[in-house]
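S.K.: Mind having a look at this structure? Questions to follow.
The values are calculated or read from the model by the stated rules, or taken from the named source; none is laboratory data. What you see is a predicted model; the values in this text were computed from it and never measured. No Cβ is skipped: glycine too gets one built from the backbone with ideal geometry, and neighbour counts run over all protein chains shown. All accessible areas refer to the heavy atoms of the entire protein, side chains included, with ligands and DNA or RNA removed. Shrake-Rupley method; radii C 1.70, N 1.55, O 1.52, S 1.80 Å.
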Amino acid sequence: QVQLVESGGGLVQAGGSLRLSCAASGRTFSSYSMGWFRQGPGKDREFVASITWSGGGTYYTNSVRGRFTISRDNAKNTAYLQMNSLKPEDTAVYYCAAKGGGITSNSRNYDYWGQGTQVTVSS
């Protein structure tokens, strides 16, 4: 079992930055691949980024590549999403998720989910 708690969301102006954190409980955090997803108003949940258990592999959706960076610190049981050059269309509830095995953009493959943190980008 892994419990995930996101933090770091808030209100920011377009062009600004935020760093989201995902704190995980349990001693097996380092064995899980981690992903970030988001759900904007009136939209389906979509994949944002994922990272392998070691941090050696990452994958991003095209709309955030070059602006967002996913990382993890296994010693702190925490995953991060650094978001730069934010745009109003990045406004969403952001969720972190964990899965065994390799990384994927398919939300159905993730076993554990956090409650989400709101990110609002004003124009």
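S.K.: Pop the C-beta distance of Gln1 and Thr58 into the FRET formula with R0 = 22 Å and round what comes out to the nearest 0.05.
M.R.: 0.30
S.K.: Related question: Can you list the residues, at least 5 places off or on another chain, whose amide H is less than 5 Å from the amide H of Thr91, using H built in the peptide plane?
M.R.: Those qualifying (amide H under 5 Å, at least 5 residues apart or on another chain) are Val121.
S.K.: Further question on the same structure: Can you list the trypsin sites (Lys or Arg not before Pro) in the stretch 1-73 that are in a DSSP coil and have 12 or fewer other beta carbons within 10 angstrom? Walk me through the numbers before you get to the answer.
M.R.: Numbers: sites: Arg19, Arg27, Arg38, Lys43, Arg45, Arg65, Arg67, Arg72; in loops: Arg27, Lys43, Arg45, Arg67.
Here the trypsin sites (Lys or Arg not before Pro) that fit, given the DSSP loop and packing criteria, are Arg27, Lys43.
S.K.: Taking the Cα centre of the chain as the origin and placing charges on Cβ (Lys, Arg +1; Asp, Glu -1), which of Gly57, Ser25, Ala14 is farthest toward the positive end of the dipole?
M.R.: The residue sitting farthest along the positive end of the dipole is Gly57.
S.K.: Send over a whole-number figure in Å² for the accessible area per residue of the chain, probe 1.4 Å. Walk me through the numbers on the way to the answer.
M.R.: Values: 6200 Å² over 123 residues.
Here the per-residue accessible area is 50 Å².
S.K.: Rounded, prolate or oblate: which fits the chain, taking a ≥ b ≥ c as square roots of the Cα gyration tensor eigenvalues, rounded meaning a/c under 1.5, else prolate when a/b beats b/c?
M.R.: Numbers: a/c = 1.68, a/b = 1.65, b/c = 1.02.
Prolate shape, in that a/c is at least 1.5 and a/b is the bigger ratio.
S.K.: Run the numbers for Ser71 and Ser31: contour at 0.36 nm per residue of separation, minus the present Cα-Cα distance, in nm. List each step's numbers first, then the result.
M.R.: Working: separation 40, 0.36 × 40 = 14.40 nm, distance 1.46 nm.
Gain on stretching Ser71 to Ser31: 12.9 nm.
S.K.: For the stretch 95-107, in order, what is each residue's ³J(HN,Hα) by Karplus, 6.51 cos²θ - 1.76 cosθ + 1.60 with θ = phi - 60°, in whole Hz (x at glycine and Pro)?
M.R.: With the stated coefficients, the stretch 95-107 comes to 10, 9, 8, 10, 8, x, x, x, 7, 7, 8, 7, 4 Hz.
S.K.: Let me know the charge dipole size of the chain about its Cα centre in debye, to the nearest 20, where only the beta-carbon of Lys, Arg (+1) and Asp, Glu (-1) is charged.
M.R.: Details: 12 positive and 7 negative charges, 28 e Å.
The calculated dipole for the chain is roughly 140 debye.
S.K.: Report the full-extension gain for the segment Ser17 to Ser107: residue separation times 0.36 nm, less the Cα-Cα distance, to one decimal in nm.
M.R.: Values: separation 90, 0.36 × 90 = 32.40 nm, distance 2.52 nm.
Contour length minus the Cα-Cα distance gives 29.9 nm.
S.K.: In whole Hz and in residue order, list the ³J(HN,Hα) couplings for the stretch 28-43 that follow from phi through the Karplus curve 6.51 cos²θ - 1.76 cosθ + 1.60, θ = phi - 60°; x for Gly and Pro.
M.R.: Per residue, the Karplus-derived 3J(HN,Hα) values read 9, 3, 5, 8, 9, 6, 10, x, 10, 10, 8, 9, x, x, x, 10 Hz.
S.K.: Mind listing the phi-derived Karplus ³J(HN,Hα) values for the stretch 111-122, rounded to whole Hz, using 6.51, -1.76 and 1.60 with θ = phi - 60°, and x for any glycine or proline?
M.R.: Using θ = phi - 60°, the values come out as 9, 10, 9, x, 7, x, 9, 7, 10, 10, 10, 8 Hz.
S.K.: According to the square roots a ≥ b ≥ c of the eigenvalues of the Cα gyration tensor, what is the shape class of the stretch 6-56, taking rounded for a/c under 1.5, prolate for a/b larger than b/c otherwise, and oblate for the remainder?
M.R.: Working: a/c = 2.15, a/b = 1.69, b/c = 1.27.
Because a/c hits 1.5 or more and a/b exceeds b/c, the stretch 6-56 counts as prolate.
S.K.: Counting only the backbone N, which residues of the stretch 1-26 are under 18 Å from the spot 7 Å out from the Cα of Gln82 toward its beta-carbon?
M.R.: Correct set: 7-9, 15-23.
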